[in-house]
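To start, the structure under review is shown below, and the notes come after it.
Read-outs throughout are calculated quantities, based only on the coordinates presented, and are distinct from any laboratory measurement. Note that the structure is a prediction, hence the values are computed from the model and not measured. Every residue, glycine as well, gets a Cβ built from its backbone with ideal geometry; the counts of neighbours run over all protein chains shown.
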Amino acid sequence: MKPRVSILAALLLVSVCAKAQDVNVEVLQRDLDHPWSLAFLPDNKSILITLRDGELKRWTPGEGLSAPIIGVPKVWAKGQGGLLDVVLAPDFAQSRRVWLSFSEAGKDGKAGTAVGYGRLSEDTKRLENFTVVFRQSPKLSTGNHFGGRMVFDGKGYLYIALGENNQRPTAQDLDKHQGKLIRLTDQGAVPGDNPFVNQPGAKPEIWAYGIRNPQGMAMNPWSGALWLNEHGPRGGDEINIPERGKNYGWPIATWGVNYSGLAIPEAKGGKVAGTEQPIFYWQHSPAISGMAFYNADTFPQWKNKLFIGALKDKNVIAMTVNGDRVNEDGRLMTSHKQRIRDVRVGPDGYLYVLTDESDGQLLKVSPKR
């Protein structure tokens, strides 16, 4: 499959289209110590927020932040590791299950990503009977590339995006969870139709592989397909539509180079036989993060947009979606000057953004009329 956007086209899109777009930004909460993810509780008011050092808190209008919710698992909070994603179970109204991904310590001082769930008490003060259902194996991270984004697909499956722990070759090794997209049932079991479930030596949880450091993932509401974005090294940030059993290239296929400016040692080029091309990539990395499709009626001018946070560029990238193609058409919050960690569309149709700072913020964003 040919890449949808060439390097030259990507450069032209960035230079011509990455203009600032006027938005209203309301600061809902300050003093968040490196927030990582958020989830909307069904009262349409409260928001669960993870803090990387290991706290889960609830934010409510007029009340602010709660005390830390009791019952969160112990996390390995070093480097990029800590408490990561938070997602409500599809049947939250009945089960009150809250799913968390987090970095977990091993026995040798290294860590890996783990995923589990607990029941949120009626008073929202406790996470009860937390159960870990998945552990990245082996544990190889010294503080880098945990991934951790989770998405339920509405068909009974949970997807978990895992980084390669900055151990590049492992993304191609099917006997390791590093650099993989994991697929489980919504109860945490391995589905029998996963592509490698009967392959000797392969991890049965794997759905797709060849992934570097995934930071954003969401279901496309128009196609029903899962979309995933990932950090490249120096250049080569990508958007992919990961399919069953396919190889997304890292580190043998990449449009980026090492941080030193030298080629990735294992790389054979941007296009390599047997690997999939991204649907979009950036030659100059914005350091992309959380992402959300806009399918609400609140702001018609945002219809069919994809919003992606940028950590290095410190803004939100707005992209127009047309089938499985995307074009970058502007940047939001260019004057805010904070690293963007997560981007979500709220039940009210506003964009909610978390900034990754020691004095991080929860922001409510809308277009200027």
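Quick look at the values:
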item: Which of 335, 367, 184, positive extreme of dipole for the chain (C-beta unit charges); result: 335
item: Value of relative contact order over the chain, rounded to a whole percent, pairs C-alpha under 8 Å and six or more apart; result: 17
item: Karplus (6.51, -1.76, 1.60) ³J(HN,Hα), θ = phi - 60°, over segment 275-284, in Hz, Gly and Pro reported as x; result: 10, 8, 7, x, 7, 7, 8, 10, 6, 10
item: Residue of 270, 179, 249 that the Gaussian network model of the chain assigns the largest fluctuation, springs spanning Cα pairs under 10 Å; result: 270
item: For the chain, built as a Gaussian network whose Cα springs stay under 10 Å, the top-fluctuating residue of 61, 242, 169; result: 61
item: About the Cα centre, charge dipole magnitude for the chain (Lys/Arg +1, Asp/Glu -1 at Cβ), debye; result: 460
item: Sites residue 53 and residue 298, calculated FRET efficiency, Cβ-Cβ separation with R0 41 Å, nearest 0.05; result: 0.75
item: Reachable aspartates and glutamates, given that their alpha-carbon falls under 14 Å from the alpha-carbon of residue 314 and they are not under 8 places away in the same chain; result: 342, 356, 357
item: Cα pair count fraction exceeding 19 Å, expressed as % - segment 103-207; result: 47
item: Charge dipole of segment 31-291 about the Cα centre (unit charges at C-beta), most positive-ward option of 141, 102, 231; result: 141
item: Top of 263, 287, 114 by mean-square fluctuation, Gaussian network on the chain, Cα under 10 Å; result: 263
item: Stokes-Einstein D (µm²/s) once Rh is taken as the Kirkwood radius of segment 76-115 over alpha-carbon pairs, at 37 °C in 0.692 mPa s; result: 292
item: Selection from 201, 261, 158, by position along the positive dipole direction of the chain (Cβ); result: 261
item: Proximal lysines relative to residue 176, as straight alpha-carbon distance under 21 Å, when same-chain residues fewer than 8 apart are discounted; result: 107, 110, 139, 203, 246
item: Sorted peptide list for 326-336, 117-127, 301-311, criterion being average Cβ within 10 angstrom, highest first; result: 301-311, 326-336, 117-127
item: Among [x] 38; [y] 19; [z] 8, the entry that matches percent of Cα pairs over 40 Å apart as calculated here; result: [z]
item: Label point distance in nm, residue 284-residue 43, each placed 7 Å from Cα along Cα→Cβ; result: 4.6
